[in-house]
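The values are calculated or read from the model by the stated rules, or taken from the named source; none is laboratory data. Quick caveat, the model's predicted, so the values are computed rather than measured. All Cβ positions, glycine included, derive from the backbone under ideal geometry; neighbour counts span all protein chains shown. Heads up: the accessible areas ignore ligands, DNA and RNA and are worked out on the full protein's heavy atoms, side chains in. Shrake-Rupley method; radii C 1.70, N 1.55, O 1.52, S 1.80 Å.
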Amino acid sequence: RVSEDPAREKAADQGQVFRVLTCNLGGGTIDTDQLVEMARSRDVDVLMLQECPGPTAESVFQELGWIHRKRANITIGSPFELGEIRVLARHSPTHYNAVVAVSCSVWLPNGALEVNAEESAAEESAAEEGVAVQLVNVHLPTFRPALAEARRLSLDAGKAIADFGAFYRDVVERV
């Protein structure tokens, strides 16, 4: 276990901790064995990847024995049942209309996660079947190009940072 907190450990032992690991793979090469080991050693319930090429996603989730859903280079995977993935937001057409946010439900079996809710007949019935958790995986824009301008002491650095800030706020508002 990662945590040394006794309360967290007790909650984990009772199946009340839901762990999500998110990672931007940068579209490049990655040590998939190390990523799989990280997910296993931390008892991850959901792995969300950005800039993840198709072959990398296939390799990671096959090794884990998990289900996964993918749109463009954004992937959500879990050992639990997953709903369909849907696109929530895209970049502007000037940025290739690329997918920047997706959503997917994960269905946790009864008892996998304790949910605090007022009791009603419908909720009791749903609790017997399990719990749906809505996941959102967002690939936020990077400030790297703007920071590169600043590093070169370019007069355009302020404008580049302002442009990326506006773009970032636009994505966040749409999600």
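Suppose we keep only residues that are acidic (Asp, Glu) and within 15 Å of the chain's Cα centre (by Cα) within region 41-78. Which one would you say is farthest from residue 29 (Cα to Cα)?
45
Condition check: open to solvent by 50 Å² or more (accessible area, probe 1.4 Å) and either within 17 Å of residue 137 (Cα to Cα) or in contact (Cβ under 8 Å) with a residue 60 or more places away in the chain (or both). Does residue 71 satisfy that?
Here the answer is yes, as residue 71 does meet what is asked.
Can you name the residue in region 36-68 that is farther than 18 Å from residue 135 by Cα and among the aliphatic types (A, V, I, L, M) and, of all such residues, is surrounded by the most Cβ atoms within 10 Å (Cβ to Cβ)?
60
Taking region 74-102 only, how many residues are open to solvent by less than 50 Å² (accessible area, probe 1.4 Å) and among the hydroxyl-bearing types (Ser, Thr, Tyr)? Lay out the reasoning, then the answer.
Of the residues in region 74-102, the ones open to solvent by less than 50 Å² (accessible area, probe 1.4 Å) are 74-78, 80, 82-83, 85, 89, 91-92, 98-102.
After this cut, where a residue has to be among the hydroxyl-bearing types (Ser, Thr, Tyr) as well, the list is 75, 78, 92.
Final tally of qualifying residues: 3.
Kindly indicate whether residue 2 is at pLDDT below 90, surrounded by 13 or more Cβ atoms within 10 Å (Cβ to Cβ), of a type outside the set (Asp, Glu) and not in a helix (DSSP H, G or I).
It is false that residue 2 is at pLDDT below 90, surrounded by 13 or more Cβ atoms within 10 Å (Cβ to Cβ), of a type outside the set (Asp, Glu) and not in a helix (DSSP H, G or I).
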